[in-house]
Each structure stands twice: as structure tokens, then as C-alpha cells.
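Scroll down for the structure; my scribbles are underneath it.
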Amino acid sequence: MAGFDVRPGFLRHEAAVYVERQLHVHDVSDALKAAFHRDRGTLGKDMYGAELAKKMPEIEERIFSALSDYIDQLEGVATNLHANAGTYELVDRPITDGS
């Protein structure tokens, strides 16, 4: 190919980097869920704590929904990088005439 060079091995390496990021964000999400669960009872017994307690389910849902979406996006990037690597590997194979 003229003008650029694609190395499938590099694409696969970057896919692995995205998988590692995905696993890390998943671990962070789990740790954050545990922290919310652990600290849920420490919001305070005043009107501010009561108001925050009412809003916490929605706040948590938005946080974990965003984290889940991000994890899915990381997985999608990794999957697409693997697919592109496979495509470039096919293109780089020598053409045989069948004889």
C-alpha cells in the first residue's frame, strides 16, 4: 500500500491495551459500588443528609450507567481493533493462483 503502513500486530497490541483499560474501569466501578454500599448510612441525620439520601439512588444510577457505557465503548474499540488487524492480515497475504 502506498502512503501508509499498517501493522496488524500493533493493532492487536492496542486492542489488548483497551481490554486492560476495560478491566481497570470495571474494577474501579466495583470498588465504587462497594464504597457507596459501605458509606450509605453515614449521610447524616440532618435535613442535608435526608435530602442527599433521597437523591442518592438517581446519582448512583447515573454514575454506574456512565461507567457501564464507557466499559462497553472500550470493549467495542478493542473488538474493532482486532477485526481491523484481521482484515489487514488478509490483505497482506500473498495471492495464490490455486496451482
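Taking Cα atoms, how many degrees apart are the long axis of helix 47-92 and the longest axis of the chain, rounded to 10 and kept between 0 and 90? The helix 47-92 is inclined about 10 degrees to the chain.
Quick one: length gained pulling Ala35 to Leu23 fully straight, 0.36 nm per residue minus the C-alpha distance?
Working: separation 12, 0.36 × 12 = 4.32 nm, distance 1.84 nm.
Result for the pair: 2.5 nm of gain on full extension.
Using only the alpha-carbon atoms, how far is helix 8-39 inclined from the longest principal axis of the chain? Give it as 0 to 90 degrees, nearest 10. For 8-39 against the chain, the angle is about 10 degrees.
The lysines whose alpha-carbon is closer than 21 Å to the alpha-carbon of Lys33, local same-chain residues fewer than 8 away aside, are Lys54, Lys55.
To the nearest 0.05, how large is the calculated FRET efficiency for Glu14 and Gln73 if R₀ is 22 Å and r is the Cβ-Cβ distance? It would help to have the intermediate numbers written out before the result.
Values: r = 15 Å, r/R0 = 0.66.
So, using R0 = 22 Å, E works out to roughly 0.90.
Normalised by 2.2 N^0.38 Å, where N is the number of residues, the alpha-carbon radius of gyration of region 8-91 equals 1.62. For the chain, modelled as a GNM whose springs connect Cα atoms under 10 angstrom apart, the maximal fluctuation among His82, His26, His37 occurs at His37. If you take all other residues with their beta carbon under 13 Å from the beta carbon of Val28, and give Lys and Arg +1 and Asp and Glu -1, the sum is -1.
Annotation: extensible slack from Arg62 through Met47 equals 3.1 nm (criterion: 0.36 nm per residue apart, minus Cα-Cα distance).
In deg cm²/dmol, rounded to 500, what helix-only [θ] at 222 nm does the chain give when every DSSP H run of at least 4 residues adds -39500 (n - 2.57) and the total is split over its residues?
It lands at -29000 deg cm²/dmol.
Evaluated at q = 0.29 Å⁻¹, the base-10 log of the normalised Debye intensity for region 42-99, with identical point scatterers placed on the Cα atoms, takes the values -1.04.
Coordinate-derived values only; no laboratory data. Being a predicted model, the structure only gives us computed values, none of them experimental. Cβ atoms come from the backbone with ideal geometry, glycine included; neighbour counts cover every protein chain shown.
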